1. Gain in length, Ile285 to Ala641, computed as 0.36 nm per residue apart minus the alpha-carbon separation, to one decimal in nm?
2. Once each part is reduced to its C-alpha centroid, what is the distance from region 575-594 to region 625-692 in angstrom?
3. Can you work out the Karplus-derived ³J(HN,Hα) for every residue in region 251-263? Use 6.51 cos²θ - 1.76 cosθ + 1.60 with θ = phi - 60°, whole Hz, and x for glycine or proline.
4. Starting from the amide H of Asp62, placed 1.01 Å from N in the peptide plane, find each other amide H under 5 Å away whose residue is 5 or more places distant or on another chain.
5. Based on the mean of other beta carbon atoms within 10 Å per residue, what is the order of 302-309, 58-65, most packed first?
6. Would you please classify the overall shape of region 158-294 from the alpha carbon gyration tensor, given that a ≥ b ≥ c denote the square roots of the eigenvalues, rounded means a/c under 1.5, and beyond that prolate means a/b larger than b/c while oblate covers the rest?
7. Which of the lysines could be linked to Lys454 by a straight reach, that is with a Cα gap under 19 Å, when you skip same-chain ones fewer than 8 residues away?
8. Using +1 on the beta carbon of Lys and Arg, -1 on that of Asp and Glu, and nothing else charged, what's the dipole of region 192-299 about the Cα centre, debye to 20?
Amino acid sequence: MTTIYLAAAEPGSGKTAIALGLLDQASRIARSIGVFRPLVRSREPADNAALDLLLTRVSSPDSLEECLGVTYAEMHEDPDRAMTTILDRFHVLAARHPALLVFGSDFTDVGSPTEFSMNARIAANLGAPMILVVSGHDRTPAQVRTAAANAVDEAHGNHAHILAVIANRVTPERLDDTLARLHGVAAAHPVYAVPADPVLSAPTVRDLMTAAGGQLLHGDDSLLDREAMGVSIAAMTLPNLLGRLHEGAVVVTPGDRADVLLGLLLAHQSRTFPALSAIVLNGGIEVDARVSTLVEGLRLSLPVLTVPFGTTDTARVLGAVVARLSRATDRKIQVALALCEKHIDAAALLHEIELTPTSVVTPLMFEHRLIDRARVADRHIVLPEGEEERILVAADQLIRRQVARITLLGDPAVIAARAQRLQLDVSAAAILDPVHDPLRERFAHQLVELRKAKAVTWDLAWDSARDSSYFGTMMVLDGLADGMVSGSVNTTAHTIRPALQVIKTVPGVSVVSSVFFMCLADRVLVYGDCAVNPDPTAEQLADIAISSAATALRFGVEPRIAMLSYSTGASGSGADVDKVRAATELVRSRAPELCVDGPMQYDAAVDPVVAAAKAKDSPVAGRATVLIFPDLNTGNNTYKAVQRSAGAVAIGPILQGLRRPVNDLSRGALVQDIVNTVAITAIQAADDGDLP
């Protein structure tokens, strides 16, 4: 069992962000990771938001109560008994997980020196090496080194072992100098410096509203979880105020200043001014009913809050709110992960403590490995539905984490406005408008030539080339993008049709098909075809099986193919079973290197006990990894049943058989589904790079 104790030397270090990064990296290796907090203010969920967040990032989370040690009060009352309780609770979790992250306390009760010493003593008693986090906020590199050296000495004085030192929230311009000065502060152990980021330092609008005892008067409640990138007091006329607005600002104005309220709402809606995060009406003054009716009729989503304090007290209260990470702050989470991936070699740290990789593959582990492989592949993916909000959020995450290079298709003004209002940064993405881009004419000429056998006219080709699916597909065909992901708005047919017409299938493959990666608690299965072919022939079924085996192998799943039917072996007869039997023989003759068997019932394919009774001599039964369904009706319903009833993570559909990667999204796709599909497409593109 491997343990890391993450501790801060002082308040405001931002160690929750570091914990997220370490968990993210460890999840790529360990089957399951426990999280333990030895010292807390209370056991109430409200006082343990950081721990709650960390538990959402592991594959087998324990309950919040199980992950808590003792309270400050219990530690003060009887330190020896409290330490015994901490050890007992720690060992309960240690028995469940091959790895544990111990998340040190937050300096909410006792003085800093005493509290850090207590963390060091706990780490020594647990036998857990410490990763020490020091704050670089408002410090020179020399001051950071001094703080780190003092903390290291304190840890050693309490018999704790230092694994690494991380300076967090460092002024970006001082990053290299800070890192240089840290070398040697912890003997030969690694040191890292992570730059400050304004998103992580900004509280959310909800944090501000809670601190000031405010209420939401107008706007969208979900937008309260956006970051407030500064508080501005509107104590001047509207024209002067407009010149001082900045992106993500929260503007405070008295409740009776209808002119300022309406002017700010218009500025927020306008594409020529920065997008705000919220408007705060202070003074406890009730907004005129006619003004309220007018604002309500605008149907704007920008939160408008009301607070009871005067201007001075409102500014004081809002200015004192500290930014915190929680499960609701998705933008902060993505920023934290990106910073840790870039500036901390977590893989080296985990190797130093000998965290041994497991043969078990959890859903979280599979997703992390996809991201890692896509990052190495460094491919360019085009997203035709660039105006869709989920696509924009996914693009922001993909860019921040350097998963792929991105092109968004759509009206640049619309994309920019929506990204601004969602507080997303997609500036690193290329944005092309199929309607007006010069490439449209080039693609139209190509479509006429490519589809001359279908007598496609110039007018039809010109109209097709403005369609984002055709435009994106032509980018892939011409090598202007390595792959395409679409379908969050468009239908599967709308996504696939252009690819079938111009990209076409791999030589020797007669049909485009799909698979889902079904990530169960301890393994990944491949289901095909669950999205494209309603009733494949025996020949098509054989193609699907061979393509699915290749996809499985490409993504680290050893292919053992079960050709599914309602009977196993020779026990059944009929046209449906005969089709599967014929398809199985075709696979054996066309790809003799593959391990395949069928017809086979689902339970015989995946359950060793059933397999021993129904197909004891089968090389596949009981251990199948690639499951080929006889028709779309069976496949689609089965994947959804397993997804919902077994809690499996379904990644897909992933298209296979095309000469270049084009993948379809469900119209109900979540942001993480989009990120995963882009990563898979990038990996496919890297593997297909040598195709003609």
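1. So the chain would gain 122.8 nm between Ile285 and Ala641.
2. For region 575-594 versus region 625-692, the Cα centre distance is 23 Å.
3. 9, 9, 8, x, x, 9, 8, 4, 5, 5, 4, 5, x
4. When sequence neighbours closer than 5 places are left aside, the close amide H contacts are Val35.
5. 302-309, 58-65
6. prolate
7. Lys504
8. So the magnitude is around 260 debye.
The values are calculated or read from the model by the stated rules, or taken from the named source; none is laboratory data. Note that this is a predicted model, so its numbers are computed, not measured. FYI the Cβ positions are ideal-geometry reconstructions off the backbone, even for glycines, and counts take in every protein chain you see. Just so you know, the surface numbers come from the protein's heavy atoms only, side chains and all, with ligands and any DNA or RNA stripped out. Shrake-Rupley method; radii C 1.70, N 1.55, O 1.52, S 1.80 Å.
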